[in-house]
């Protein structure tokens, strides 16, 4: 996909948070903004990422804009839904099937711990379904395997929340201290409330066009999990092998190869931070650091704004909250704006190459590489 | 009180003991849980149902402090992964709800745990792991 010439013609966001409007209205605002930036090209197809939207969610958004006619397909891949939609659009453009494709993600999540049709009713009845508990088991293993501490987990939150102060699209825009993170409610030890992203509402949209110039989509790769890891996002009840390569690493390796770049070429990264430990795992799975290097990187501020590779300059999901179907495209919008130099106080100076990463239930991981 | 499993096929109940029922594929040589029609690693359809080892070691743990949606049993409750003696790591409830009272690698054994009653007044039972001091 590296040489097909897919460019980002326009992006748009509806802020992530809680709003007194329906999901269609939220989607319309993001799509309208992206189409306006792109100069209102004729759209040949639309892919809409959503997990909780229900039947024909994308169709309803385009119907409200008077844009029905082309194919409109809803795409569900858990937290990676928006990334999956982007990959499908990119493949269709690469195949020469379409000239302009609209990709958007919309969501209005129920409040509190996410209830997922992924699980069987007996699993809910037995108490085996809360996502923060699985995140906590993974965080504990990361701490055991690498020596990462609870304070390191808190430092991730401090970094992302500091970034989020400068992002008007984020839900939480107040700095927090290590002490405040550790004093927030203990949800599932070792994870405190501030270490977990909040499910919420929002939308993001991207118009892709065949062509050169501006911000280019260098690769968009989706990979699912290999069985074996009991704590993978696939959420199995059992597993016998923690040595399998996680889907994020599979997707990243292919995305780097297709884009013809290495991790060292990156200037800015938006990665999955559904909980603080997830971000630290993402670093190693994306090849941004070696396992166990995270505390040193945190202490040195290397992945904070002003450091050598700012990660989650948008504030991440820890600041923005997570509208499932929209979160992956929200990251893409951030990277595009970073590459265009539009990010004001959270701008990564001179950013030319950026990566975004999400991983969702069913363990689909999506890695997107963009450059200008 | 009469007892009923939370779901059929997950385990065998006999008085105070519970044995998890997993699957084993002779062609792949690998165990899984719950037992599935095909081996999740290879797709082979030679899966045999087997009872899994009762003993294992604690591999990761936490506690769920507030009842999640769809759950009406007691809270807080322990939650963790135990590596059984055959190497299979199994997710389950822990009888110990205080994470500070647990440590990596400590011996655990599988036990029945009651999580409520059904409409006929029978105790609903699932599997859980309990510290087994002095063993292993």
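Are any of the residues in segment A:191-212 touching a helix residue (DSSP H, G or I) at 6+ places or on another chain (Cβ under 7 Å), buried (at least 21 other Cβ atoms within 10 Å of the Cβ), farther than 21 Å from residue A:326 by Cβ and free of Cβ contacts under 8 Å to residues at least 60 places away in the same chain? Yes; the residues of segment A:191-212 include at least one that is touching a helix residue (DSSP H, G or I) at 6+ places or on another chain (Cβ under 7 Å), buried (at least 21 other Cβ atoms within 10 Å of the Cβ), farther than 21 Å from residue A:326 by Cβ and free of Cβ contacts under 8 Å to residues at least 60 places away in the same chain. Residues in segment B:1-40 that are assigned to a strand (DSSP E or B), within 17 Å of residue A:239 (Cα to Cα) and either more than 15 Å from the chain's Cα centre (by Cα) or modelled with pLDDT under 95 (or both): B:24, B:25, B:30.
None of B:129, B:79 is buried (at least 18 other Cβ atoms within 10 Å of the Cβ), out of contact with any helix residue (DSSP H, G or I) (no Cβ under 7 Å at 6 or more places or on another chain) and not in a loop (DSSP other than H, G, I, E, B) except B:129. When residue A:130 is tested against (1) within 9 Å of another protein chain (Cβ to nearest Cβ); (2) buried (at least 24 other Cβ atoms within 10 Å of the Cβ); (3) at pLDDT 95 or above, just one condition goes unmet, and that condition is (3).
In segment A:238-256, which residue that is within 11 Å of another protein chain (Cβ to nearest Cβ) and surrounded by fewer than 17 Cβ atoms within 10 Å (Cβ to Cβ) is modelled with the highest pLDDT?
As a first pass, look at segment A:238-256 and keep what is within 11 Å of another protein chain (Cβ to nearest Cβ): A:238-242, A:244.
The next check asks that each one be surrounded by fewer than 17 Cβ atoms within 10 Å (Cβ to Cβ); those that pass are A:241-242.
Details: A:241: 88, A:242: 81.
If we take residues in segment A:238-256 being within 11 Å of another protein chain (Cβ to nearest Cβ) and surrounded by fewer than 17 Cβ atoms within 10 Å (Cβ to Cβ), then A:241 is modelled with the highest pLDDT.
Among residues of segment A:296-314 that are over 22 Å from residue A:337 (Cα atoms), those with a beta-carbon under 6 Å from a residue that is at pLDDT 95 or above and surrounded by 21 or more Cβ atoms within 10 Å (Cβ to Cβ) at least six positions away or on a different chain give the pairs A:297/A:303; A:298/A:152; A:298/A:155.
Of all residues in segment A:65-84 being at pLDDT 95 or above and in contact with a strand residue (DSSP E or B) (Cβ under 6 Å, 6 or more places away or on another chain), which is farthest from the other protein chains (Cβ to nearest Cβ)? Of everything passing the filter in segment A:65-84, A:70 is farthest from the other protein chains (Cβ to nearest Cβ). The test for being crowded, with 19+ Cβ neighbours inside 10 Å, in contact with a strand residue (DSSP E or B) (Cβ under 7 Å, 6 or more places away or on another chain), facing another protein chain (nearest Cβ under 9 Å) and in contact (Cβ under 8 Å) with a residue 60 or more places away in the chain holds for residue B:90. Among the conditions (1) surrounded by fewer than 22 Cβ atoms within 10 Å (Cβ to Cβ); (2) assigned to a helix (DSSP H, G or I); (3) within 14 Å of another protein chain (Cβ to nearest Cβ), the only one that residue A:111 does not satisfy is (2). Just one of the listed residues (A:87, A:124) is surrounded by fewer than 21 Cβ atoms within 10 Å (Cβ to Cβ) and not in a strand (DSSP E or B), and it is A:124. Of the listed requirements (1) in contact (Cβ under 8 Å) with a residue 24 or more places away in the chain; (2) facing chain B (nearest Cβ under 8 Å); (3) in contact with a strand residue (DSSP E or B) (Cβ under 6 Å, 6 or more places away or on another chain); (4) surrounded by fewer than 24 Cβ atoms within 10 Å (Cβ to Cβ), residue A:138 misses just one: (3).
When the criteria are applied in full, residue A:105 fails the requirement of being in a loop (DSSP other than H, G, I, E, B) and either away from chain B (no Cβ under 14 Å) or within 28 Å of residue B:81 (Cβ to Cβ) (or both).
Exactly one residue out of A:116, A:57, A:81, A:100 is buried (at least 21 other Cβ atoms within 10 Å of the Cβ) and more than 30 Å from residue A:260 (Cα to Cα), and it is A:57. Among residues of segment B:41-65 being in a loop (DSSP other than H, G, I, E, B) and more than 12 Å from every other protein chain (Cβ to nearest Cβ), the one that is farthest from residue B:5 (Cα to Cα) is B:44.
Residue A:116 meets all of the listed conditions (1) more than 14 Å from chain B (Cβ to nearest Cβ); (2) at pLDDT below 95 but one, namely (1). Scanning for something surrounded by fewer than 19 Cβ atoms within 10 Å (Cβ to Cβ) and within 19 Å of the chain's Cα centre (by Cα), does segment A:172-189 turn up at least one residue? Checked against the condition, which is being surrounded by fewer than 19 Cβ atoms within 10 Å (Cβ to Cβ) and within 19 Å of the chain's Cα centre (by Cα), segment A:172-189 yields at least one hit. For segment A:148-157, the count of residues that are crowded, with 23+ Cβ neighbours inside 10 Å, away from chain B (no Cβ under 14 Å), in a loop (DSSP other than H, G, I, E, B) and within 17 Å of the chain's Cα centre (by Cα) is zero. Condition check: more than 10 Å from chain A (Cβ to nearest Cβ), under 24 Å from residue A:113 (Cβ atoms) and part of a loop (DSSP other than H, G, I, E, B). Does residue B:68 satisfy that? So residue B:68 does not fit the description; no.
The values are calculated or read from the model by the stated rules, or taken from the named source; none is laboratory data. Given the structure is predicted, the values throughout are model-derived calculations rather than measurements. Ideal geometry is used to build each Cβ from the backbone, glycine not excepted, and the neighbour counts take in all protein chains shown.
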